[in-house]
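Asks: Pasting in a structure now, in structure tokens, and then I'll have a few things to ask.
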Amino acid sequence: MARRRLLTREALARHYEPSVDDREITRHFTLSQDDFDLIATRRGETSRLGFAMVMLYMRWPGRVLESGETPPAPILSFVARQLDLSPGLWSHYGRRDETRRSHLAHLMKRYGYRTFDRSAFHDMTGFAMPIAHHVTQPSRMAAILIDEMRRRSILLPSVTVIEALVRRARQQADHLVHDVLAGDLPPETRCRLDKMLERRGDRSASSLSWLRNPPLSPAARNILRLLERLEYVRSLNLDSARATTIPRVAFDRLSEEAARITPQHLAELRSSRRYAILVAAGVRLEEVLTDATLTMMDKLLGSMMRRAEHRIRDKAIVTMRSLQAQLRLLTTSCRHLIEARDQGVDSLSAITGID
């Protein structure tokens, strides 16, 4: 199966092809006095124009002006005007590749430029590997590498080489993460992790699927189910401190992959990657299940407290109504006693006559 392309020349065109915007042309293709002095050492108008363009292309966009390549007309005209030359001279320079190579060698030696060789590949891989933990988009990764190569005066290689560099950096970053998480796991831990991908007894779901789908409805029986899952995860004896030794984004990426990949697909992965994903899944599941258990306990306790408050409130209302009835009876009795005294009536008869 053909490998999917990460980068294309079109995707990186703005890094390889200079802009024809007037401000950008002025910024990158204006000659200094030192440039004029150096260009003046070339014999012939054609040679001076070609030498200037090769030099300016090495500075920006930072690559070799290839044989047979013609710079954009606005750029060529801008440089030619500074040298008081005709842009049409370029067509003559393009036929003399030996002169172009001679100019290129002279400029590289004078300004310290170097081609992208094996040594540069290793250097840039070392630079890119830590960045690969945080940057996942190939085009953004390539842009960072291109900027760094310009800073180091390394002439830009082809897009194919840039893509190979991005792939190598990403692979090394992944291998480092996998090695930190699962490189020294004991055999018994690996065995327990592999069993996560197997079916649970006679059930169709694997242990991993069972763990990834905990009950979330607050209920006493669901607390027991959460605790059962939490006990299973903790029985794996995974060291959660491993997750703190790698960039958080790299760990999150692995745990997110573990949450969506099927157990069948996971079982087919290379062992180092498979165990790293399972370790990340175990560490993350322990966190998630612990939080879910505490949250459900909090909800259940809150529900119990609300039911208790409602019972107390209802009981208080009943008690209050009973007290109010007794107080009304007492108030009526007292009123009749007072009236009986004022009227000279027997108090006992007045009380017993109350409805």
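Asks: Output the number of the condition that residue 345 fails; it satisfies all remaining conditions of (1) outside the structural domain of residue 237 (by TED's automatic domain parsing); (2) modelled with pLDDT of 75 or more.
Replies: The one condition residue 345 does not meet is (2).
Asks: Quick check: is even one residue across the range 31-51 touching a Pro at 6+ places or on another chain (Cβ under 8 Å) and within 29 Å of residue 162 (Cβ to Cβ)?
Replies: no
Asks: Could you tell me which numbered condition residue 98 fails, if it satisfies all but one of (1) crowded, with 18+ Cβ neighbours inside 10 Å; (2) at pLDDT below 90?
Replies: For residue 98, the failing item is (1).
Asks: Can you run down the residue pairs with Cβ atoms below 7 Å, 6 or more apart or on separate chains, where the first is in the range 157-182 and surrounded by fewer than 16 Cβ atoms within 10 Å (Cβ to Cβ) and the partner is of a type in the set (Phe, Trp, Tyr)?
Replies: 161/116
Asks: Further question: Quick check on the range 1-18. Is at least one of its residues surrounded by 12 or more Cβ atoms within 10 Å (Cβ to Cβ) and more than 35 Å from the chain's Cα centre (by Cα)?
Replies: No: the range 1-18 contains no residue that is surrounded by 12 or more Cβ atoms within 10 Å (Cβ to Cβ) and more than 35 Å from the chain's Cα centre (by Cα).
Asks: Considering (1) surrounded by 15 or more Cβ atoms within 10 Å (Cβ to Cβ); (2) under 30 Å from the mean Cα position of the chain (by Cα); (3) polar (S, T, N, Q), say which one residue 222 fails and leave the rest.
Replies: Unmet condition: (2).
Asks: Filter the range 9-24 for residues that are part of a loop (DSSP other than H, G, I, E, B), within 18 Å of residue 139 (Cα to Cα) and in contact with a helix residue (DSSP H, G or I) (Cβ under 8 Å, 6 or more places away or on another chain) and give the result. Step through it out loud before you land on a result.
Replies: Of all residues in the range 9-24, those part of a loop (DSSP other than H, G, I, E, B) come to 9-12, 17-21.
Remaining after also requiring within 18 Å of residue 139 (Cα to Cα): 9-12, 17-18.
Listed by number, the residues that qualify are 9, 11, 12, 18.
The values are calculated or read from the model by the stated rules, or taken from the named source; none is laboratory data. Quick caveat, the model's predicted, so the values are computed rather than measured. Heads up, the Cβs are rebuilt from the backbone with ideal geometry, glycines too, and the neighbour counts pull from every protein chain shown.
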